[in-house]
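Data block below; observations after.
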Amino acid sequence: MTDSDTAVAEPIVRPQNQKPKAKRQPRYHVILWDDPNHTFEYVIEMMKNLFRLSQADGKRIAEEVDRTGRAICLTTTREHAELKRDQIRGFGRDPFSTKSTGSMAASIEPEL
């Protein structure tokens, strides 16, 4: 066998400043669902406590969920979205409403 007959693995050569691209994790929306037994104040307070949103952004979420029946609170990784969904579900009853018996409904769905 001669030198020309042997197979040699060629190394992968990248330009020095080019790094391999990190694969992006799929993103998920945290959805808050409308509930007539919860007040705007409750939603605003929940958005401030759980998502660190401003009063104005919390009000925007409250208005959207009231107007459309749902609102996207956050878009993030699946694990973080599941955590935030569970925090909404565990936030407790609305102290501003006598009709409230528990937390609001929330779910996650893949970003399209």
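The values are calculated or read from the model by the stated rules, or taken from the named source; none is laboratory data. What you see is a predicted model; the values in this text were computed from it and never measured. With ideal geometry, Cβ positions are generated from the backbone for all residues, glycine too; neighbour counts draw on all protein chains shown.
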Those residues of the range 40-58 which are in a loop (DSSP other than H, G, I, E, B) and either crowded, with 18+ Cβ neighbours inside 10 Å or small (Gly, Ala, Ser) (or both), in sequence order: LEU53, SER54
For LYS84: the one exception among (1) within 20 Å of SER100 (Cβ to Cβ); (2) out of contact with any Asp or Glu (no Cβ under 6 Å at 6 or more places or on another chain): (1)
Selected residue (only one of LEU74, LEU112 is outside any helix (DSSP H, G or I) and at pLDDT below 95): LEU112
From ASP66, ASP35, residue being assigned to a helix (DSSP H, G or I) and over 14 Å from the mean Cα position of the chain (by Cα): ASP66
Every residue from the range 81-112 that is free of Cβ contacts under 8 Å to residues at least 24 places away in the same chain, of a type in the set (Gly, Ala, Ser) and surrounded by 14 or more Cβ atoms within 10 Å (Cβ to Cβ): GLY102, SER103
